[in-house]
1. Search segment B:234-244 for residues being open to solvent by less than 70 Å² (accessible area, probe 1.4 Å) and farther than 17 Å from B:Ser434 by Cβ, and hand back the single one that is nearest to the chain's Cα centre (by Cα).
2. Looking at B:Leu300, B:Leu262, B:Leu321 in this structure, which one is open to solvent by 10 Å² or more (accessible area, probe 1.4 Å), in contact (Cβ under 8 Å) with a residue 60 or more places away in the chain and among the aliphatic types (A, V, I, L, M)?
3. Please determine, by comparing only the residues of segment B:26-71 that are surrounded by fewer than 21 Cβ atoms within 10 Å (Cβ to Cβ) and assigned to a helix (DSSP H, G or I), which one is nearest to the chain's Cα centre (by Cα).
4. So which strands (runs of 3 or more DSSP E) stay within segment B:520-586 end to end and still have 1 or more residues that are open to solvent by 10 Å² or more (accessible area, probe 1.4 Å) and either under 18 Å from B:Val66 (Cβ atoms) or within 14 Å of chain A (Cβ to nearest Cβ) (or both)?
5. For segment B:398-414, give me each residue that is open to solvent by 10 Å² or more (accessible area, probe 1.4 Å), touching a strand residue (DSSP E or B) at 6+ places or on another chain (Cβ under 7 Å) and under 28 Å from B:Phe477 (Cα atoms).
6. Identify all residues within segment B:500-517 that are open to solvent by less than 20 Å² (accessible area, probe 1.4 Å) and of a type in the set (Val, Ile, Thr); write none if there are none.
Amino acid sequence: MRNETRGRPRTASGRVRAGITTLLSIAAATGITASRAAPDTHTRTHLSAAGRPAPGLPGATRVNPFNGDPRIATAGAKLFTSMNCDGCHGEDAAGWVGPDLGDGRWRFGGSDTDVFDSIFFGRPKGMPAFGGVLGERGVWVLVTYLRSLKAPADQPTESWPGH
Amino acid sequence: MRATVLLALVSILSWSANATDAADAGTGQWRMPSADYAATRYSALSQITAANAANLRPVWTFSTGVLGGHEGQPLVVGGTMYVVTPWPNVLYAFDLTREGYPLEWKYRPNVDPAAIGESCCDSVNRGATYADGRIVYNLLDGHTVAVDARTGRELWMTRVADLHSGETVTMAPLVVRDRVIVGASGGEFGIYGWIKALDLATGRVLWTAHNIGPDAGMLVRPGVFHPPYVQGSELGLRSWPGETWRHGGAPVWGWLSYDPVLDLLYYGTGNAGPYDADSRAGDNRWTSSVLARRPEDGSLVWAYQFTPHDSWDYDSTGAMLLADLRIAGRPVPALVHFDKNGFAYTLDRRTGRVLVAAPYTEVTWAKSIDLTNGRPVRDPTKQTGASRGNVHGICPSLEGGVSPAAPPAYSPRTHLFYTSTNNFCMDYESWRVSYLRGTPYMGVNSPYSPGPGGHLGAFIAWDAATGRIVWKDDEPFPSWSGALVTAGDVAFYGTTDGWFKAVDARTGKLLYRFKVGSGVVGNPITYRGPDGRQYVALYAGIGGDLALLDGDARSNDPTDVRAPADFAKEIARHTSQGGIVWIFAL
């Protein structure tokens with residue numbers, strides 16, 4: 001398993017080597033109380049009959065309590081490493097076996113609610129549900145980090161010089 | 001002549017009479033992942049020669065419908081070719097006796113898609129094996145399955161691995177007598193690595209042996225275990241701080257071999273976890289090692305560690321080729337292994353003692369292997385760990401000088417070993433991580449750069465008796481294909497930019513090449529068809545680490561469009577994903 005640096009500008013302050021201790025201190029700083037409840041795991045894309053999602057289930061509209069807070073985004077970058085998210089999504093979320101999360105394109109939607117649901121409930125093909133270990137506030141910290149990544153201009157064309 | 005006819009007759013009888021071993025090299029079938037128990041990938045077929053290989057041409061192709069990396073190889077048993085795909089692990093059976101090779105059947109198991117995310121490095125499968133009228137193979141989500149080779153009917157399925165703990169199964173099983181031997185991937189997920197034997201008839205687990213940790217779990221039994229360079233009990237426990245062995249890795253995702261005379265099963269173990277070496281002071285036995293066990297009860301007989309205290313993700317899961325060599329004038333039952341760490345080792349397979357160890361590619365992490373104690377002579381400036389910061393200029397990269405996914409071949413005619421090699425280096429920056437079950441347990445950033453010469457790969461012929469390269473064909477891109485060599489003195493391989501190649505086994509001269517539609521990370525095989533002609537088959541279908549490193553070689557997800565890898569910017573010019581089975585003939 002290999003991470004390959006591809007030079008996306010870092011939007012969070014440098015990488016942090018955080019263990020659980022650091023994680024807990026982040027939790028304290030951001031008021032996260034770790035929920036130990038078993039995660040509600042849903043592993044399918046959630047469609048809603050008549051366009052009406054069930055209250056409290058994936059698809060409900062959620063409001064990010066930390067919306068755009070750069071201090072929280074920085075904490076989220078640390079959390080991204082300490083929860084081993086980078087092991088699948090790569091350094092700076094630039095993609096590895098899991099998709100790139102900073103390119104402005106989203107497999108399951110890029111709204112706060114969509115990204116929250118992806119992390120909290122998990123997704124098919126191996127995205128674990130982190131809601132049980134992180135709780136709602138912890139997931140929002142990660143959402144705030146990912147939403148802070150400055151997506152490069154969308155470049156659907158790849159070309160080779162002198163072709 | 002009479003002996004040949006008798007051998008052929010015995011072979012035909014044994015195919016119908018449930019023998020699990022035969023001189024397949026002589027029959028023209030391909031019934032085990034690596035051709036034979038010795039893992040030589042050698043075939044005695046000789047219709048295709050260095051003189052006529054230029055007349056090869058493709059005679060048949062088939063799209064598997066699957067985009068994951070097509071590692072592994074087909075099997076040919078009787079008049080049927082068997083192909084296993086990456087997840088979702090479809091098994092196809094092609095009728096080679098009919099025009100166009102139509103399917104006899106296909107088997108589509110219900111494999112959990114969550115396994116894709118528990119796999120470090122793409123949803124690969126390294127192939128099936130045949131024994132006793134059954135095709136036996138592993139599913140990515142941690143099951144071993146046996147299917148009736150004639151009907152495609154499922155005979156048994158056993159859950160062998162715990163997906164929720166990061167265990168997946170990508171390796172090809174081997175059947176020794178009535179035992180199916182399997183192991184788990186998960187060196188990037190903090191598994192407690194193991195190998196198991198299942199009953200071929202029922203799928204019941206007969207024994208489980210761990211590769212690290214306490215003697216009891218490792219099936220170390222008094223008076224049986226004799227490692228060549230260390231002594232004492234609890235070696236797999238005392239070489240780890242505290243209980244770090246519990247998540248220490250040592251996966252089994254490569255190739256198995258077996259010596260029926262010595263009754264020893266050989267296999268390599270993968271990296272130690274996590275990637276931060278500071279977290280696990282000590283040798284971390286038996287990660288990055290070769291282990292020899294009794295197939296009957298799993299007892300460990302000897303073990304040798306190629307990379308003590310692995311600090312570079314140097315798995316030793318590459319193939320262990322068994323060959324009887326003449327070394328310094330003396331015949332030796334040898335085991336030859338090209339390690340990820342850049343050294344090729346020639347061991348005495350009776351004892352595990354190192355006879356020859358020499359670099360086959362650029363190596364900077366160690367200067368040599370000390371033959372008096374079997375240990376590498378390290379360069380201390382290349383030692384990694386969280387306290388060491390970013391360590392530059394480590395060769396080979398953690399992809400390995402030889403990828404363990406790319407098994408070598410050995411010809412008893414030339415006495416040479418043939419293998420794809422990689423020529424790139426890395427920087428390595430690691431940090432402390434926390435174990436969270438079912439998530440990656442790694443902590444590294446390791447950007448790559450081309451090695452000396454600028455070419456990223458090569459195909460070489462190696463003399464394991466003296467430890468030197470005999471000839472070398474450079475490749476512009478990383479080389480990830482297994483090798484095949486035949487009695488026609490032709491060696492075959494594929495390239496990641498999508499060429500199938502045939503070269504002269506004695507000189508390396510290119511004899512034939514064809515662009516096969518996708519990069520090759522699979523392994524060529526050869527067989528005699530029902531019409532008596534010699535065929536060569538291989539998979540195209542770039543993947544494994546290559547599809548992840550070169551993320552722009554993928555075009556299947558509009559929400560995940562990546563830039564080229566900085567060390568191999570051009571490869572996506574030449575290939576995209578897609579599994580294709582190719583067959584060539586004169």
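The values are calculated or read from the model by the stated rules, or taken from the named source; none is laboratory data. Since the structure is predicted, the reported quantities are computational estimates derived from the model, not experimental observations. Cβ placement follows ideal geometry from the backbone for every residue including glycine, while neighbour counts extend to all protein chains displayed. Remember, those area values only see protein heavy atoms, side chains included, never the ligands or the DNA or RNA. Shrake-Rupley method; radii C 1.70, N 1.55, O 1.52, S 1.80 Å.
1. Narrowing segment B:234-244 to residues open to solvent by less than 70 Å² (accessible area, probe 1.4 Å): B:234-237, B:239-242, B:244.
Next cut, farther than 17 Å from B:Ser434 by Cβ only: B:234-237, B:239-240.
Values: B:Glu234: 29, B:Leu235: 26, B:Gly236: 24, B:Leu237: 27, B:Ser239: 27, B:Trp240: 27 Å.
Taking the candidates together, the pick is B:Gly236.
2. Details: B:Leu300 fails: open to solvent by 10 Å² or more (accessible area, probe 1.4 Å); B:Leu321 fails: open to solvent by 10 Å² or more (accessible area, probe 1.4 Å).
Result: B:Leu262 is the single residue among B:Leu300, B:Leu262, B:Leu321 that is open to solvent by 10 Å² or more (accessible area, probe 1.4 Å), in contact (Cβ under 8 Å) with a residue 60 or more places away in the chain and among the aliphatic types (A, V, I, L, M).
3. B:Gly26
4. On the way: elements: B:525-528, B:534-540, B:580-585.
In segment B:520-586, B:580-585 are the strands (runs of 3 or more DSSP E) which contain 1 or more residues that are open to solvent by 10 Å² or more (accessible area, probe 1.4 Å) and either under 18 Å from B:Val66 (Cβ atoms) or within 14 Å of chain A (Cβ to nearest Cβ) (or both).
5. Residues of segment B:398-414 that are open to solvent by 10 Å² or more (accessible area, probe 1.4 Å), as a first pass: B:410, B:412-414.
Going one step further and asking which of them are touching a strand residue (DSSP E or B) at 6+ places or on another chain (Cβ under 7 Å), we end up with B:410, B:412.
If the condition is that a residue be open to solvent by 10 Å² or more (accessible area, probe 1.4 Å), touching a strand residue (DSSP E or B) at 6+ places or on another chain (Cβ under 7 Å) and under 28 Å from B:Phe477 (Cα atoms), then B:Tyr410 is the only one that fits.
6. Kept after step one, since they are open to solvent by less than 20 Å² (accessible area, probe 1.4 Å), are these residues of segment B:500-517: B:500, B:502-503, B:505, B:508, B:516.
Correct list: B:Val503, B:Val516.
Results for (1) at pLDDT below 95; (2) under 20 Å from the mean Cα position of the chain (by Cα), shown as yes or no for each residue.
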{"position": "B:Ala487", "(1), (2)": "no, no"}
{"position": "B:Arg506", "(1), (2)": "no, no"}
{"position": "B:Leu538", "(1), (2)": "no, yes"}
{"position": "B:Asp545", "(1), (2)": "yes, yes"}
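Okay, residues lined up against (1) open to solvent by 10 Å² or more (accessible area, probe 1.4 Å); (2) aliphatic (A, V, I, L, M); (3) assigned to a strand (DSSP E or B); (4) away from every other protein chain (no Cβ under 14 Å):
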residue: B:Tyr137; (1), (2), (3), (4): no, no, yes, yes
residue: B:Val145; (1), (2), (3), (4): no, yes, yes, yes
residue: B:Met157; (1), (2), (3), (4): yes, yes, yes, yes
residue: B:Met171; (1), (2), (3), (4): no, yes, no, yes
residue: B:Val180; (1), (2), (3), (4): no, yes, yes, yes
residue: B:Gly190; (1), (2), (3), (4): no, no, no, no
residue: B:Ala197; (1), (2), (3), (4): no, yes, yes, yes
